[in-house]
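The values are calculated or read from the model by the stated rules, or taken from the named source; none is laboratory data. Nothing here was measured: the structure is a model prediction, and the numbers come from that model. Here the Cβ is made from the backbone with ideal geometry for all residues, glycine too, and neighbour counts use every protein chain on show. Heads up: the accessible areas ignore ligands, DNA and RNA and are worked out on the full protein's heavy atoms, side chains in. Shrake-Rupley method; radii C 1.70, N 1.55, O 1.52, S 1.80 Å.
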Amino acid sequence: MTTPYYSGIITNYVCTAECRHCMFGSSPSCPKEYITTEESENIASILEEAGTPSVHIGGGEPFMNFPALLSLIDALNRHGIGVDYIETNAFWAKDEDIVKNRLWELTKRGVTTVMVSSDPFHIEYVPLSRVLTLIKLLSEEGFDYFIWQERYLRKLIHLDHNRTYSKEELEKILGKNYITYTAREYGLGMNGRALAISYDIYPLKSVDELLKSPPCHNILSAQHCHFDLYGNAVPSGCPGLCANSRDYLCGDISTDKYPVMSRLVCGRIKSLFEYAHNLGFVPDPQGYPTKCSFCYAMRSFLSKNNPSDDLSPKCFYENIDKNLTERI
Ligand code: SF4
């Protein structure tokens, strides 16, 4: 079994925000499903067996169901797995007493670090006042924290802290190209909801050119992968592609069970194209900006016309399809 390092646990795909760069295509329209006590125990025991020293916790927004978050941390503690940090967009930091109480519950469970998101994408959904309140209380309560990313908080701090800002307003404040500029500066993995941004950054490549792309080496590397609430492992940088956590860590990716992942692992994107094309997929004659956007187009087609266990969750494909359609 491979030992995952720097990996994360997705407690839920649902979120209070719908950020333009979100790797997992999270939004309020995702099912209100959260990691169960049983799945928390299952993933913690698999990670212990794999020798994982620690993980980070994220979503979606993990603080949308605080009891579920606590029961996950309890399971990780039972199996001796540390929590590197918990990611949050701070939407919940309204009432200081509630925040302090939650931080106390985390402290009791040995959690010491929180990552607070702040950037031109999150400010469309979360007022800065929540971010600033959480940072203040994290500091007062002795937590370590880091802002992802601090430079954007400095850029946005002069704005009204008590409201969100629309894309149109941010274009006036940060410049017409703030989305593509921020995406480049951020060093975004151009996947998930950022696939839509990649069309505004990269010229289209022909399918013939994309079919010559090098293999995707990172798929079975458990480094930086994620484990979701459905018991699946999601390779780093390949949202929407998954395999059962134990199968994934054991490298047991059979073609029958995982027709998409197995072809991407053993073959190249060409192998996936042959499979999808035989099932009726017709590529966009104009091409795609990146290998991953071509890959996504085929996976989206397959998730609707020939679903398999390695294409999940459904809400990911629904949300990304919606974003790609809206950009046209
Ligand atoms: S082409 Fe597909 S499998 Fe390869 S890195 Fe991109 S999303 Fe992952």
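Based on what the data block shows, is ASP74 assigned to a helix (DSSP H, G or I) and open to solvent by 10 Å² or more (accessible area, probe 1.4 Å)? Yes, satisfied. Of all residues in region 217-237, those that are within 14 Å of the ligand (Cβ to nearest atom) and either crowded, with 17+ Cβ neighbours inside 10 Å or within 22 Å of GLU61 (Cβ to Cβ) (or both) total 10.
Among residues of region 12-33 that are closer than 17 Å to GLU87 by Cβ and in contact (Cβ under 8 Å) with a residue 24 or more places away in the chain, those with a beta-carbon under 7 Å from a residue that is in a loop (DSSP other than H, G, I, E, B) and of a type in the set (Lys, Arg) at least six positions away or on a different chain give the pairs VAL14/LYS32.
So that you can scan it fast, the table gives a plain yes or no per residue for (1) within 11 Å of the ligand (Cβ to nearest atom); (2) open to solvent by less than 70 Å² (accessible area, probe 1.4 Å); (3) under 18 Å from the mean Cα position of the chain (by Cα):
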position	(1), (2), (3)
LYS257	no, no, no
CYS266	no, no, no
ILE269	yes, yes, no
TYR275	no, yes, no
LYS291	yes, yes, no
PHE301	no, yes, no
SER308	no, yes, no
PRO313	no, yes, yes
LYS322	no, no, yes
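Output yes when any residue across region 238-252 is in contact (Cβ under 8 Å) with a residue 12 or more places away in the chain, in a helix (DSSP H, G or I) and within 16 Å of the ligand (Cβ to nearest atom), and no when none is. Within region 238-252, one or more residues are in contact (Cβ under 8 Å) with a residue 12 or more places away in the chain, in a helix (DSSP H, G or I) and within 16 Å of the ligand (Cβ to nearest atom).
Applying the condition of being in a loop (DSSP other than H, G, I, E, B) and either open to solvent by 70 Å² or more (accessible area, probe 1.4 Å) or at pLDDT 95 or above (or both) to region 195-216 and asking which residue is farthest from the ligand (Cβ to nearest atom) yields PRO203. Beta carbons closer than 7 Å, at least 6 apart along the sequence or on distinct chains, pair a first residue in region 94-119 that is touching a residue at least 12 places away in the same chain (Cβ under 8 Å) with a second that is open to solvent by 10 Å² or more (accessible area, probe 1.4 Å) and among the β-branched types (Val, Ile, Thr) for GLU96/THR133; VAL99/THR133; VAL111/VAL83; VAL116/ILE135; VAL116/ILE147; SER118/ILE147. Picking from residues in region 157-190 that are touching a Ser or Thr at 6+ places or on another chain (Cβ under 7 Å) and free of Cβ contacts under 8 Å to residues at least 60 places away in the same chain, the one that is surrounded by the fewest Cβ atoms within 10 Å (Cβ to Cβ) is ASN162. Within region 123-153, take every residue that is charged (D, E, K, R) and part of a helix (DSSP H, G or I) and give me the one that is surrounded by the most Cβ atoms within 10 Å (Cβ to Cβ). The extreme case among them is ARG130. Just one of the listed residues (PRO259, PRO289, PRO235, PRO285) is of a type outside the set (S, T, N, Q) and closer than 22 Å to SER54 by Cβ, and it is PRO235.
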